[in-house]
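J.: A single structure is presented below for examination.
The values are calculated or read from the model by the stated rules, or taken from the named source; none is laboratory data. Given the structure is predicted, the values throughout are model-derived calculations rather than measurements. Cβ: placed from backbone, ideal geometry, glycine included. Neighbour counts: every protein chain shown.
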């Protein structure tokens, strides 16, 4: 597969699948940009670039949203960032392998708002389920399939 012009943009500060992203990138030839508010260790490799942004509110999100385009896969669990990137034509995957699409993002934003209202009202609600081996496997399969699809045009 020739994915040299494909880029994986990683919202990296809390991303649990960075190692998996690197493995898929090495195999497919995609480039990876690891974006964070703090210095993170990344492999020394020509396909991988680290970008450290300021610790300003949404600085990493702003950088990723600006860089996203139709040849990008954005890896994030941030629903509002996913929405911004979808509007730029990027493909977006959560670290669990769940795709965010133009058809699904509205419902995800609405659910996020409802949960925020419940928390603000003092309701005790659980957070997301713990990240599992099944999530990691689902992410690997979804990222690989998405890169193949984008490489084929």
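J.: Check off (1) surrounded by fewer than 19 Cβ atoms within 10 Å (Cβ to Cβ); (2) over 13 Å from residue 143 (Cα atoms) for residue 86 and give me the number that stays unchecked.
T.: (1)
J.: Restricting attention to segment 90-106, report how many residues are under 26 Å from residue 21 (Cβ atoms) and either modelled with pLDDT under 80 or not in a strand (DSSP E or B) (or both). Steps first, please.
T.: Quick first cut of segment 90-106, residues under 26 Å from residue 21 (Cβ atoms) only: 90-105.
Within this subset, residues satisfying the condition of being either modelled with pLDDT under 80 or not in a strand (DSSP E or B) (or both) are 90, 94-98, 101-105.
The qualifying residues number 11.
J.: List every residue pair whose Cβ atoms lie under 6 Å apart, where the two residues are 6 or more positions apart in sequence or sit on different chains, the first residue falls within segment 48-62 and is touching a residue at least 24 places away in the same chain (Cβ under 8 Å), and the second residue, located anywhere, is assigned to a loop (DSSP other than H, G, I, E, B).
T.: Hits for this filter: 48/42; 60/37; 60/53.
J.: Further question on the same structure: Please count how many residues of segment 62-83 are touching a strand residue (DSSP E or B) at 6+ places or on another chain (Cβ under 7 Å) and crowded, with 19+ Cβ neighbours inside 10 Å. Write out each step before concluding.
T.: Keep residues of segment 62-83 that are touching a strand residue (DSSP E or B) at 6+ places or on another chain (Cβ under 7 Å), which gives 63-64, 67-68, 71-76, 78, 81-82.
The next check asks that each one be crowded, with 19+ Cβ neighbours inside 10 Å; those that pass are 63-64, 68, 72-76, 78, 81-82.
Matching residues across segment 62-83 total 11.
J.: Another question, if that's okay. Do the conditions hold for residue 74, that is, is it in contact with a helix residue (DSSP H, G or I) (Cβ under 6 Å, 6 or more places away or on another chain), outside any helix (DSSP H, G or I) and free of Cβ contacts under 8 Å to residues at least 60 places away in the same chain?
T.: Numbers: in contact with a helix residue (DSSP H, G or I) (Cβ under 6 Å, 6 or more places away or on another chain): yes; outside any helix (DSSP H, G or I): yes; free of Cβ contacts under 8 Å to residues at least 60 places away in the same chain: no.
When the stated conditions are applied, residue 74 does not pass them.
J.: Please specify each residue of segment 1-42 satisfying the condition of being surrounded by 14 or more Cβ atoms within 10 Å (Cβ to Cβ), touching a residue at least 60 places away in the same chain (Cβ under 8 Å) and in a loop (DSSP other than H, G, I, E, B).
T.: Scanning segment 1-42 gives 1, 3, 6, 15, 17, 30.
J.: Could you look through segment 46-70, keep only residues that are assigned to a loop (DSSP other than H, G, I, E, B) and touching a helix residue (DSSP H, G or I) at 6+ places or on another chain (Cβ under 7 Å), and pick out the one that is farthest from residue 147 (Cα to Cα)?
T.: Step one: of segment 46-70, the residues assigned to a loop (DSSP other than H, G, I, E, B) are 46-47, 53-58, 68-70.
Now narrow it down to the ones that are touching a helix residue (DSSP H, G or I) at 6+ places or on another chain (Cβ under 7 Å): 47, 53, 68.
Values: 47: 15, 53: 26, 68: 15 Å.
Step by step, filter segment 46-70, then rank; the result is 53.
J.: Same structure, new question: Take the residues in segment 43-59 that are within 19 Å of residue 25 (Cβ to Cβ) and within 16 Å of the chain's Cα centre (by Cα), then tell me which one is surrounded by the most Cβ atoms within 10 Å (Cβ to Cβ). Show your work before the answer.
T.: Keep residues of segment 43-59 that are within 19 Å of residue 25 (Cβ to Cβ), which gives 43-51.
Cutting the leftovers down to within 16 Å of the chain's Cα centre (by Cα) gives us 48-51.
Values: 48: 19, 49: 13, 50: 16, 51: 15.
Among those residues, the one meeting the criterion is 48.
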